Amino acid sequence: MAEQRQDERQGEPQGERRDEIERAWAELVDAARRTVTDGLVVGTSGNVSVRLGELVLVTPSGVPYDRLGPGDTVAVDLEGKQVFGELAPTSELPMHLAVYRNTSARAVVHTHAVHATAVSTLVSELPLVHYMAAALGGPVRTAPYATYGTEELAANMLRALEDRTGALLQNHGTVTYGDTLGQAYDRTAQLEWMCRLWLTASSVPGREPSLLSSGQLDEVKEKLRSYGQPR
């Protein structure tokens, strides 16, 4: 184990660990590229990370995702110290690490999705316009604005994420996490869709969208416990 840790500090993970990291990095790059394809980010905005034990793989700062390859892996420890990789980690590293230190997250997705960002400028909490809010733990809160990449933003985000797996970041975007990268990404997509739904419904002149009650949402939370295929 000591030899393995030394190898990682030198930027050369070995054996099964190396294979695990390579697979996770490939999945991370695919997800990052998908945020662009799906219109959730523009250019190099947004970022994605996955956790492997005490290691966090994260997209680098300011590098277009279509240019990332197997040799561009960036990894840090939970304190933010770069373990290997030559590219600098995303400027939003404090936000990602705050999620990992305070939740059971194995993956985090941050985007600048248009509809969700628009909603973040309007309300302190996304109205309960659809029952899929239950999949994020309840009504999605908006974290107060703070400069990107700061500990202040990370702290604001953590408060908004209390008992939730997703949050809006005021005048900024979204953050979601999950047990897998696929789950974190799906939650991002659901959040953007719900924001688009609320904006569409609330834009009809002279009408107000009907909203769900907390009791109705609790019923959905219970049903979601048995949703999907048996394990």
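Working only within the stretch 76-102, note down all residues that are buried (at least 16 other Cβ atoms within 10 Å of the Cβ), in contact (Cβ under 8 Å) with a residue 40 or more places away in the chain and among the polar types (S, T, N, Q).
Result: THR90, single match.
Residue-wise test of (1) at pLDDT below 95; (2) outside any loop (DSSP other than H, G, I, E, B); (3) in contact with a strand residue (DSSP E or B) (Cβ under 9 Å, 6 or more places away or on another chain); (4) more than 15 Å from THR90 (Cα to Cα).
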position: ASP30; (1), (2), (3), (4): no, yes, no, yes
position: THR35; (1), (2), (3), (4): no, yes, yes, yes
position: LEU40; (1), (2), (3), (4): no, no, yes, yes
position: GLY43; (1), (2), (3), (4): yes, no, no, no
position: GLY62; (1), (2), (3), (4): yes, no, no, no
position: VAL76; (1), (2), (3), (4): no, yes, yes, no
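How about the stretch 78-104: which of its residues are in contact with a Phe, Trp or Tyr (Cβ under 7 Å, 6 or more places away or on another chain) and of a type outside the set (Val, Ile, Thr)? It would help to see each step written out before you state the result.
Step one: filter the stretch 78-104 for residues in contact with a Phe, Trp or Tyr (Cβ under 7 Å, 6 or more places away or on another chain), giving 78, 91-92, 99, 103.
LEU78, SER91, GLU92 - these are the residues of the stretch 78-104 that are in contact with a Phe, Trp or Tyr (Cβ under 7 Å, 6 or more places away or on another chain) and of a type outside the set (Val, Ile, Thr).
Could you tell me which of the residues TYR177, TYR131, TYR145 is open to solvent by 10 Å² or more (accessible area, probe 1.4 Å), of a type in the set (Phe, Trp, Tyr), at pLDDT 95 or above and within 16 Å of the chain's Cα centre (by Cα)?
Values: TYR131 fails: within 16 Å of the chain's Cα centre (by Cα); TYR145 fails: within 16 Å of the chain's Cα centre (by Cα).
Just a single option satisfies the conditions, and that option is TYR177.
Do the conditions hold for ARG187, that is, is it part of a loop (DSSP other than H, G, I, E, B), open to solvent by less than 50 Å² (accessible area, probe 1.4 Å) and either farther than 22 Å from PRO209 by Cβ or of a type in the set (D, E, K, R) (or both)?
On the way: part of a loop (DSSP other than H, G, I, E, B): no; open to solvent by less than 50 Å² (accessible area, probe 1.4 Å): yes; either farther than 22 Å from PRO209 by Cβ or of a type in the set (D, E, K, R) (or both): yes.
So ARG187 fails the test.
Looking at the stretch 148-174 only, could you name the residues that are under 11 Å from the mean Cα position of the chain (by Cα) and open to solvent by 30 Å² or more (accessible area, probe 1.4 Å)?
Result: no residue meets the conditions.
The values are calculated or read from the model by the stated rules, or taken from the named source; none is laboratory data. Here the structure is a predicted model, which means the values were calculated and not measured. Note that each Cβ is placed from the backbone with ideal geometry, even for glycine, and that neighbours are counted across all protein chains shown. Accessible surface areas use protein heavy atoms only, side chains included; no ligands, DNA or RNA. Shrake-Rupley method; radii C 1.70, N 1.55, O 1.52, S 1.80 Å.
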